[in-house]
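I have placed the structure first, in the form of structure tokens, so that the comments after it can refer back to it.
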Amino acid sequence: MSLLDRRTMLVGSVAAASQLVVSRPSWSEEIPGVTATELRIGSTAALSGPVSLLGTIARCQAAYFDMVNEAGGVGGRKIKFIYYDDAAKTVEQVRRLIESDEVAFLFSTLGTAPNSSIAKYVNAKKIPHLFLTTNGDKWGDYETYPWSMAFAPSARTEAKIFATHALTEMPNTKFALLYANDDFGKDFVNGLRDVLGDRYSSTVQAISYENTDPTVDSQIVALRAGNADVLITGATAKFGAQSIRKVSDIGWKVKHYVTSGASSVSSSIMPAGPERAKGIITSAFTKDPTDAAWAGDPAVKTYFAFMAKYFPTGNPEDLFNAYAFTVSNVMRHVLEQCKGDFRRETIMREANSIKDLDVPLLLPGIKVNVSPTNHHPVRQVQLLRWDGARWTAFGDIINDSNI
């Protein structure tokens, strides 16, 4: 072969190789929500309407990602957190996030009904649907929703814990149950059925409310007529506060358990009246920043410093903000474990591989665990009682596997 022939062959080979490199995009360009410098995450939240006080969760999470970005981001990329007001248009907003904004995945979308409306769509498209802000037990169904998972202990678990505790103290307890007429509220019905079995119909008087109802006053009055020993309120913050106030106003001396989602001091206890709430019981899995017992806790100090710097318009004493800070810590852990590979299947694999993760604001002894067959990240709680000024813990940490 002549020198000219060799040169011609070499030039042709280099040109072919160059064409191959140019025509094949890098892996990051092939992945929705990922560029060389950015990772896009999507969410929907109640920024208006009757439960708009929960909108602080998304705003706090946005501030958390601002903090992450200031520290350099994750996997060499800055996080762009895009969240929209669902305003009863969750499906439309989620399609916008996925098809127009091309987010890599969904994080902390709010509400049982809104998440139910999008679950089939996001699971069919195999989009990670992570750490939903809802207590619905259905999100632990990893076979039906392999790409979805909530974060907090389920309402069904909480109801089982409340009922078991009440029966331990009063074996012949008669229950009154106020619950939202949706999947979240019906988890309380199912939790009581789990514990009571055949005794449910003879020992429980259950009355529901609609999220569009102005108050639950009439429901509380009707439940009182049943002469129950225990009232369990499975409601969101607004209606939880109303139930606490009405129970006090009508002088109903009943042992009152209130779901954790309606136990925020700023969102439920203060609107109801701290003295009216005295004696009520709830469950918790995070530290309460308002509790003097945690005043010197390093994690709580870090949280207050974060709020002061990155979310100064938010209320650091609001448990919804403490929750947002906690779940964002877990999301950051998952992204760091991806080591820069933000393909959807990688993100889901890492979310499914959390083992005994100790998160700063979780109560001592409570850890996060997730696997492909366990989509309930937090399965432990602590019971708390309101003493008129603050929540005080009593008893041991309760694991849902023990009830």
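Data overview
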quantity	calculated
The one condition in (1) touching a residue at least 60 places away in the same chain (Cβ under 8 Å); (2) of a type outside the set (D, E, K, R); (3) not assigned by TED's automatic domain parsing to the domain that holds Gln93 that Leu130 fails to fulfil	(3)
Filter result for Thr215 (modelled with pLDDT of 95 or more and more than 23 Å from the chain's Cα centre (by Cα))	yes
Filter pass, Thr302 being part of a loop (DSSP other than H, G, I, E, B) and among the polar types (S, T, N, Q)	no
Per-region count, the range 56-100, residues touching a helix residue (DSSP H, G or I) at 6+ places or on another chain (Cβ under 6 Å) and not β-branched (Val, Ile, Thr)	11
Helices (runs of 4 or more DSSP H) within the range 133-216 that include 2 or more residues closer than 30 Å to Ala88 by Cα and of a type in the set (D, E, K, R)	155-169, 183-196
Only one of Asn315, Asn329 that is under 18 Å from the mean Cα position of the chain (by Cα), assigned by TED's automatic domain parsing to the domain that holds Ala71 and either of a type outside the set (Gly, Ala, Ser) or assigned to a helix (DSSP H, G or I) (or both)	Asn329
From the options Asp194, Asp141, Asp187, Asp137, residue that is among the acidic types (Asp, Glu) and under 23 Å from Asp213 (Cα atoms)	Asp187
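Results for (1) assigned to a loop (DSSP other than H, G, I, E, B); (2) of a type in the set (Val, Ile, Thr), shown as yes or no for each residue.
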site: Ser43; (1), (2): no, no
site: Leu53; (1), (2): no, no
site: Ala62; (1), (2): no, no
site: Gly72; (1), (2): yes, no
site: Phe81; (1), (2): no, no
site: Val91; (1), (2): no, yes
site: Val94; (1), (2): no, yes
site: Leu106; (1), (2): no, no
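The values are calculated or read from the model by the stated rules, or taken from the named source; none is laboratory data. In this text, all values refer to a predicted model and were calculated from it rather than measured experimentally. Heads up, the Cβs are rebuilt from the backbone with ideal geometry, glycines too, and the neighbour counts pull from every protein chain shown.
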